[in-house]
């Protein structure tokens with residue numbers, strides 16, 4: 001575990017010394033583990049750039065895995081997964097979705113359909129016909145939408161603690177994008193860490209601090225209001241575009257990797273303490289979702305939270321490779 005953590009931390013050129021440095025909203029001063037390339041896109045009259053890593057293995061097995069990150073993250077937290085897959089001969093494609101990470105932060109109508117199309121365009125550009133997709137958190141919702149839209153391109157759907165396993169419209173009080181924007185502007189290092197501790201990791205370790213450093217570093221940027229508004233727009237996308245009612249329509253082999261101690265709820269802060277205990281129960285949601293997806297497989301990790309690939313890297317990666325091979 002120490003070796004993987006060291007490799008992960010060395011992948012990020014970021015100086016955390018108890019205080020968050022100022023980061024640009026496209027993370028120019030965060031160095032990813034592998035070279036960044038860009039896909040040019042034209043959306044709603046705007047010229048955009050979608051950042052991605054394309055890691056080709058030394059001894060290729062002819063297969064590809066695409067990694068879709070969560071809402072509060074980007075390609076930087078996939079380092080150990082990329083390394084494990086590449087070592088086994090997989091080509092690994094890791095996009096930062098439009099609105100996230102090193103990609104453009106436009107004011108557009110965000111939808112999972114649109115983001116899925118961008119990722120298909122990326123595959124087309126790279127000449128990749130078929131890929132397995134591993135989606136974490138929000139990336140799980142996007143991966144599900146991609147598999148529903150392009151089943152012929154999806155060899156396997158791998159969902160790591162995806163959000164959207166319950167319909168947030170039935171749970172969370174409605175907030176307009178503007179109201180959510182005002183909430184986003186209040187983000188601080190303390191609020192980020194409190195949320196990550198209460199939802200993502202059952203036990204906090206210093207090796208997770210860099211996640212907070214990056215999330216909080218952008219709040220010091222002069223461009224943070226743009227970042228906050230885009231974050232509000234993607235919150236609205238998650239809230240208004242559920243996939244939970246379409247799991248039964250999936251036509252591709254699906255594996256759910258679920259840390260059963262996860263308590264993630266989108267919009268959790270708007271709920272009473274009683275309702276926070278009622279929803280976001282992945283020990284229950286994982287099983288319910290597996291029953292909805294024909295032929296799916298459920299892999300549960302007890303006492304593990306929202307990000308198994310960081311909390312229990314060796315166990316998660318072993319299971320991931322077993323379910324790919």
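Numbers below:
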quantity	calculated
Debye intensity ratio I(q)/I(0), log10, region 174-242, q values 0.12, 0.20, 0.27 Å⁻¹ (C-alpha model)	-0.36, -0.89, -1.15
The chain: C-alpha gyration tensor shape, a/c 1.5 cut-off, then a/b vs b/c	rounded
Label-point gap, in nm, between residue 322 and residue 222 - each point 7 angstrom along Cα→Cβ	5.3 nm
Tensor-based shape of region 19-140 (alpha-carbon gyration tensor, a/c under 1.5 rounded, otherwise prolate or oblate)	oblate
Least to most buried among 71, 277 (fewest other Cβ within 10 Å first)	277, 71
Relative contact order, percent, the chain [alpha-carbon distance under 8 Å, six or more residues apart]	19 percent
Per-residue Cβ neighbour rank within 10 angstrom, fewest leading, 245, 113, 136	245, 113, 136
Residue 174 paired with residue 113, simple spin-label distance in nm, labels 7 Å along Cα-to-beta-carbon	2.0 nm
Segment residue 284-residue 49, length gained on full extension (0.36 nm per residue, minus Cα span)	80.7 nm
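Quick note: the coordinates plus some simple rules give every number you see, no bench work behind them. A quick note: this is a predicted structure, and the numbers were derived from the prediction, not measured. Reconstructed Cβ throughout: ideal geometry from the backbone, glycine too, with neighbour counts over all protein chains shown.
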